[in-house]
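Student: Before we start, here is the structure in question, set down as structure tokens.
The values are calculated or read from the model by the stated rules, or taken from the named source; none is laboratory data. Here the structure is a predicted model, which means the values were calculated and not measured. Cβ sites come from the backbone with ideal geometry, for glycine too, and all protein chains shown count toward neighbours.
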Amino acid sequence: MEFTNLNQENLVNISFTDVMQVIASEETCHNDKMVYIYLLNVIMDMGERTDELSVKVNTIENTKDENKYED
């Protein structure tokens, strides 16, 4: 299957609700559900890590700004 730009755009627009509907569907086999659950956990974990890094970066930048004005 060829991965086109359209497919990439569709993947970006998948929401949490979309994934939950696939997981809850009786048409989705057990193994596929496990893959979706695993990927959802990975995505959520990455989101948390990104938020933590963002807070650290902002803290460092604020500290630099405060030190700049103290000199």
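Student: Scan region 12-49 for residues that are among the hydroxyl-bearing types (S, T, Y), surrounded by 10 or more Cβ atoms within 10 Å (Cβ to Cβ) and either touching a Ser or Thr at 6+ places or on another chain (Cβ under 7 Å) or assigned to a helix (DSSP H, G or I) (or both) and jot them down.
Tutor: If we filter region 12-49 for residues that are among the hydroxyl-bearing types (S, T, Y), which is where we start, we get 15, 17, 25, 28, 36, 38.
With surrounded by 10 or more Cβ atoms within 10 Å (Cβ to Cβ) added as a condition, the list becomes 25, 28, 36, 38.
If the condition is that a residue be among the hydroxyl-bearing types (S, T, Y), surrounded by 10 or more Cβ atoms within 10 Å (Cβ to Cβ) and either touching a Ser or Thr at 6+ places or on another chain (Cβ under 7 Å) or assigned to a helix (DSSP H, G or I) (or both), then Y36, Y38 are the ones that fit.
Student: List the pairs whose first member sits in region 27-47 and is farther than 13 Å from F16 by Cβ, whose second member is surrounded by 12 or more Cβ atoms within 10 Å (Cβ to Cβ) and of a type outside the set (D, E, K, R), and whose Cβ atoms are under 7 Å apart, counting only residues at least 6 apart or on separate chains?
Tutor: T28/V22; K33/I23
Student: Is it true that N67 is exposed (fewer than 10 other Cβ atoms within 10 Å of the Cβ), modelled with pLDDT of 90 or more and either in a helix (DSSP H, G or I) or among the aromatic types (F, W, Y) (or both)?
Tutor: Here the answer is no, as N67 does not meet what is asked.
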